[in-house]
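Read through the structure below, which is laid out as C-alpha cells, and then see the notes.
The values are calculated or read from the model by the stated rules, or taken from the named source; none is laboratory data. Quantities reported herein were computed from a predicted structural model and do not represent experimental measurements. With ideal geometry, Cβ positions are generated from the backbone for all residues, glycine too; neighbour counts draw on all protein chains shown. Surface accessibility is based on the protein's heavy atoms, side chains included, excluding ligands, DNA and RNA. Shrake-Rupley method; radii C 1.70, N 1.55, O 1.52, S 1.80 Å.
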Amino acid sequence: MRWKFILGLLTTCAVLMSMSYTMLIPFLPMYLIQDLGVVKADVDMWSGAIFAITFLVSGIMAPIWGALADKKSRKLMALRAGFCLAITYFLGGLVTNPWELLGVRFIQGLSAGLWPALLAIISVESPKLKLGFCMGVMQGGMTAGGVLGPLFGGLLADQFGMRMAFFIAAAALFLITLALLFFVKEEPRKPDSNAKPVKIWDFSLCKIPAVKRMLICAGVVQLTILMQQPIMPLYVAELQGSMERIVLISGNVFSVTGISGVLASPIWGILGQNWGYRPVLYLSLLGAGLFGIVQVFPNSLEWFTIWRFVGGLAFAGIFPAINAVLTVSTNANDKGRVFGLSYLAQQLGAV
C-alpha cells in the first residue's frame, strides 16, 4: 500500500505548493504601494508584469525540467524546484523596490517545475487501475491550495505584515522539499536499449495525436479560468448593485468553483477508471461549457454563485482526465517531458 502513502504525501505537497503560489493575490497591490514605493497610477502595470513574468518563464522552462527529470531523476527535479522556490519566496520578503521583486519573480519562473515533477512521480508510483483516482486527488489538492492560498495570504498579511506572508510561503516550500527528500524513494532506472536519447528541448511528443489534443485542451481551459479574474469584481458589483466589500465578495464568488472542485475531482477520477478517461473528459468539458453559459442569465448574486458552484463540479473533471490521458498515451520514460509540456501549455493560457 505504499502508493497510498505516496499519494497522501504528494497531495499534501500540492496543497502547500498551491497555497504558497496564490498567497500573493490578495495583497500584492498593497505590498507594491506600501512597502515598495509604487505610486497608485502605476500599480496595475507592475502587478500585471510581476504576475505574468513568472507564468511566462516557468512555462518556457517546464519542458526543459521535464526532460531532465526523465534523463536524470524525477525526485531530484522536485527537490531542485522546491528548494529554489523556497529561496525565491524568502527573497520576495526582503526586496525594497518593484524591480527587485520583478527580478525575484523571474528567478522564480526559472526555478519552477514542482507540479509537473509531482505528477510524473505519482504517474509512476500509482497502480494502473488507480491512476484516475490518484490524478483526481492530486488535482483536488492543487485546487484546494488555490482556494486556501488567497484566504491565508490575506489573513497572514493582516495579522503579521505582508513581508511575513512571503517568509511563511518560503517555509511551506522548504517543508515540501524535506518531505520529498526523506519520504520519496525513487527506484533505480532500468536501462532500455530501445529508448531514444532524451533531448533537453524536445517537442517530439507533440506528434502523438492524443498528446497534441490534450495540450491544446489544457491551454484553452487555463485561458478560460484566468480570463474571468479581471472582470469578476466588476460583474459581482453589477449583480449586487454596489461596490461595497467588493474584494472580499468577489473573492468568495470566484473561490466557490475551487471548493466544488475539491469535492468532485476524486469522484471524476474514479469515473475515469470505470468509464474511460476520454468519455469523462468530454462529459466534464460539455458540463463546464453548459453551466458556464447558464451563469450568464441570473440577475442576482446568489443564483450566480450557486451556478458557479454547480459548474465547478463539472469543471473539476477536466484536468484529472487530461493528466490521465497524457499518462496512458506515453511510455514510462517520458512522464517528466509530457507533464512539462502540459505545464507549458497551461502557462501560455495563463499569460
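Within the assembled protein chains, the solvent-accessible surface assigned to Tyr21 is about 60 Å², based on a 1.4 Å probe. With the simple model of a label 7 Å out from the Cα in the direction of the Cβ, Lys71 to Asn252 spans 5.1 nm. State the dimensionless ratio Rg/Rh of region 61-102 (Rg: radius of gyration of Cα atoms; Rh: Kirkwood radius). Using Cα coordinates only, the ratio equals 1.16.
From the alpha carbon centroid of region 246-307 to that of region 76-105 is 33 Å. Each of Phe203, Phe254, Phe182 has its accessible area taken with a 1.4 Å probe; listed largest first, they run Phe182, Phe203, Phe254.
You can think of it this way: the chain between Leu290 and Phe183 has 34.3 nm of extra reach, that is 0.36 nm per residue less the Cα-Cα gap.
Across the chain, Cα-Cα distances exceeding 26 Å account for 49% of all pairs. Computed from the alpha carbon atoms alone, the convex hull of region 206-351 holds 105 Å³ per residue. Model label sites at Ala52 and Met30, defined 7 Å from Cα along the beta-carbon direction, differ in position by 2.6 nm.
Per residue, the chain exposes 47 Å² of accessible surface when a 1.4 Å probe is rolled over the protein heavy atoms with every protein chain present. Extents of region 1-65, taken as max minus min of Cα coordinates on every principal axis and listed largest first, are 56, 26, 13 Å.
Work out the FRET efficiency for Asn97 and Met164 from their Cβ-Cβ distance, taking R0 = 22 Å, and round it to the nearest 0.05.
Computed FRET efficiency for Asn97 and Met164 comes out at 0.70.
Residue order by solvent-accessible surface for Leu286, Leu173 is Leu286, Leu173, largest first, with ligands and nucleic acids left out and a 1.4 Å probe. Which value in Å does the Kirkwood hydrodynamic radius of region 1-117 take, with 1/r averaged over all unlike C-alpha pairs and then inverted? Result for region 1-117, one decimal place: 15.3 Å.
Ordered from highest to lowest accessible area with the whole protein assembly present and a 1.4 Å probe, Ile318, Ile293 read as Ile293, Ile318. Computed packing ranks the peptides 153-161, 340-348 as 340-348, 153-161, most packed first, by mean other Cβ atoms within 10 Å. For the chain, adding -39500 (n - 2.57) for each run of n ≥ 4 DSSP H residues and dividing by the number of residues yields -26000 deg cm²/dmol at 222 nm.
A simple spin-label model places pseudo-atoms 7 Å from Cα toward Cβ; at Lys128 and Ala210 they are separated by 1.2 nm. One chain, two ends: Thr12 and Ala237. Fully extended at 0.36 nm per residue, the span grows by 77.5 nm beyond their Cα-Cα distance.
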